[in-house]
Amino acid sequence: MIMGRFALLLFLAFSTVQFLCFAADGDDDVVFYDSFEEPFDGRWTLSSKDDYKGVWKHSKSEGHDDYGLLVSEKARKYAIVKELDKPLGLKDGTTVLQFETRFQNGLECGGAYLKYLRPQGSGWKPEDFDNESPYAIMFGPDKCGLTNKVHFILKHKNPKSGEFAEHHLGNPPVVPSDKLTHVYTAILRHNNEVRILVDGQEKAKANFLSADDFDPPLIPSKTIPDPDDKKPKDWDDDAKIPDPNAVKPDDWDEDAPMEIEDKEAVKPEGWLDNEPEEIDDPEASKPDDWDDEEDGEWEAPKIDNPKCAAAPGCGEWKRPMKSNPDYKGKWNPPLIDNPNYNGIWKARDIPNPKYFEVDKPDFEPIAAIGIEIWTMQDGILFDNILVAKNEKVAKSYRDTQWKPKFEIERRKLKAEEADGSDELEGFQKKVFDVIYKVADIPFLSAYKLEILDLVERAEKQPNLTIGLLVSIVVLIVTVFFMFISGGKKQPSVEKKTEVAETSKDQGSSGEKEGGEEENKETAGAPRRRRRET
């Protein structure tokens, strides 16, 4: 243990020295970095808009001495922004966008992405930051309902129309679902390529100019359907039509029902005609504060009739319904090929007035970094926000700032999972000890060997434990009722055991064996209604 801690400290010391040395050499490559080790007041600006009531806090990450920017309240909108010293152009060289997030309380519905704002209009102040503030890139995790992705959205200006459009990465990665710290990296390269990394591993790669990689494509199509072209009134685009010469057959009965009563069905033996399916709860009593004049006449709540549980059914027996072999439904003439079919109409193509060609995207510069989110969860922590011009710088920050935290959290998670497994094994042992004692009860003496055999098999095969325990309980309950009722029928232990053993891989398929005769006897019995609550 001591050697392990010494090795970890040595690794951290070496990594820190390596990071500091690299940072000294690569200061020019770091455009912006915030570790949030110091309070963010005075460096980041809170939105003054009324919608954003969520409280940001300067807080430690759980289990670490490392600070971050914390989403502290549930079901709130949050907005905070940091202006760069000067706008960063993205058109030349490499740009790396990187930051860490941790969902300390999980994430069911909410965003944790960053908006990299382009220069705002005249008169704009950081306090005005909201969801309408135009951005150049939006990047980061978002999860709610059917949405589960690491967004990468580029807002690009069409040089022909002057309009900005959002272009979404077509194959975004999914969001890690645990509570560990994760680092998200977007690398924009000079060859029009963008790479998305999660925890340093490439999860997606795309080309900005590829028609298949972004939705919608950055470069619009050369042609578009003519919006002024209209389908001629006499255009027939029905490929099939009802046969005008078809005649309904004389023996076609449209009124025949879909189902008819099964005349061959026989009421199962033992059906309790005079027993209701539900009875008044004998243990219920009228509440002391019940007022008949105000509350009405008190009636006991209903429960399932216990006598029905041991019988095929209760109440009035009715023959079940079956499919009517003579049912045909409403007659419709068959379809034939339409002799006047003109095909599927579509507008003619015309040149797209918004089409353009470029060798490189016309990226807007980044002037500020903002977090503008709505989330149902608290405990979202942002940390180590980095904008750099060098991939090696980003990797160095991952190795020295993120990875040591992640490794600690992952080891802790594994230890907790191991403890949970030990607790389960301890619980199973207690259950087995109880069953061993129950097997010594005199009225179970004839079945003691079978019970002990099942327990032994459950101990040796943990994956079958639940099924085998259910079999043991069923066996004990069956014998108990036989004992108090004086019955002598032997329970089918082997059959129950087989069901338990096969349930893991085959569902309830084992129940089919030996049950055909019983199914034949009760085939005509309708299923009893379950009590609605």
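The values are calculated or read from the model by the stated rules, or taken from the named source; none is laboratory data. Not measured: the values here are computed from a predicted model. So basically every Cβ, Gly included, is an ideal-geometry build from the backbone, and we count neighbours across all protein chains shown. The protein model used for the area step is the full one, side chains on, heavy atoms only, and it has no ligands, DNA or RNA in it. Shrake-Rupley method; radii C 1.70, N 1.55, O 1.52, S 1.80 Å.
Apart from one condition, Pro172 fits all of (1) surrounded by fewer than 16 Cβ atoms within 10 Å (Cβ to Cβ); (2) in contact with a strand residue (DSSP E or B) (Cβ under 6 Å, 6 or more places away or on another chain); the exception is (1). Val183 falls short on exactly one of the conditions (1) loosely packed, with under 13 Cβ neighbours inside 10 Å; (2) in contact with a helix residue (DSSP H, G or I) (Cβ under 8 Å, 6 or more places away or on another chain), and that condition is (1). For the structure I just gave you, tell me whether Lys60 is open to solvent by 70 Å² or more (accessible area, probe 1.4 Å) and either at positive phi or in contact with an Asp or Glu (Cβ under 9 Å, 6 or more places away or on another chain) (or both). So Lys60 passes the test.
The residues on offer are Lys437, Lys405, and the sole one that is more than 30 Å from His64 (Cβ to Cβ) and either at pLDDT 70 or above or open to solvent by less than 30 Å² (accessible area, probe 1.4 Å) (or both) is Lys437. Within the stretch 279-293, the set of residues being open to solvent by 60 Å² or more (accessible area, probe 1.4 Å), of a type in the set (Asp, Glu) and under 48 Å from the mean Cα position of the chain (by Cα) comprises Asp280, Glu283, Asp288, Asp289.
Selection of the stretch 327-386 for residues being over 35 Å from the mean Cα position of the chain (by Cα) and part of a strand (DSSP E or B) yields Leu335, Ile336, Asp337, Asp349, Ile350, Pro351, Ala367. Every condition in (1) under 26 Å from Val393 (Cβ atoms); (2) more than 29 Å from the chain's Cα centre (by Cα); (3) surrounded by fewer than 13 Cβ atoms within 10 Å (Cβ to Cβ) holds for Glu202 except the one numbered (2).
Would you confirm, using the coordinates I've provided, whether Ile336 is in contact (Cβ under 8 Å) with a residue 40 or more places away in the chain and either within 30 Å of Leu97 (Cβ to Cβ) or of a type outside the set (A, V, I, L, M, F, W, C) (or both)? Answer is no for this residue. Does Asp419 satisfy being assigned to a loop (DSSP other than H, G, I, E, B), charged (D, E, K, R), surrounded by fewer than 18 Cβ atoms within 10 Å (Cβ to Cβ) and at negative phi? The answer is no for Asp419. Checked against (1) open to solvent by 50 Å² or more (accessible area, probe 1.4 Å); (2) part of a loop (DSSP other than H, G, I, E, B), Pro312 passes all but condition (1).
Rundown of residues vs (1) out of contact with any Asp or Glu (no Cβ under 9 Å at 6 or more places or on another chain); (2) open to solvent by 10 Å² or more (accessible area, probe 1.4 Å), yes/no style:
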residue: Gly68; (1), (2): no, no
residue: Lys77; (1), (2): no, yes
residue: Asp92; (1), (2): yes, yes
residue: Leu107; (1), (2): yes, yes
residue: Leu117; (1), (2): no, no
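The listed residues are Lys318, Lys322, Lys330, and the only one of them that is more than 30 Å from Lys240 (Cα to Cα) and either in contact with an Asp or Glu (Cβ under 6 Å, 6 or more places away or on another chain) or free of Cβ contacts under 8 Å to residues at least 24 places away in the same chain (or both) turns out to be Lys322.
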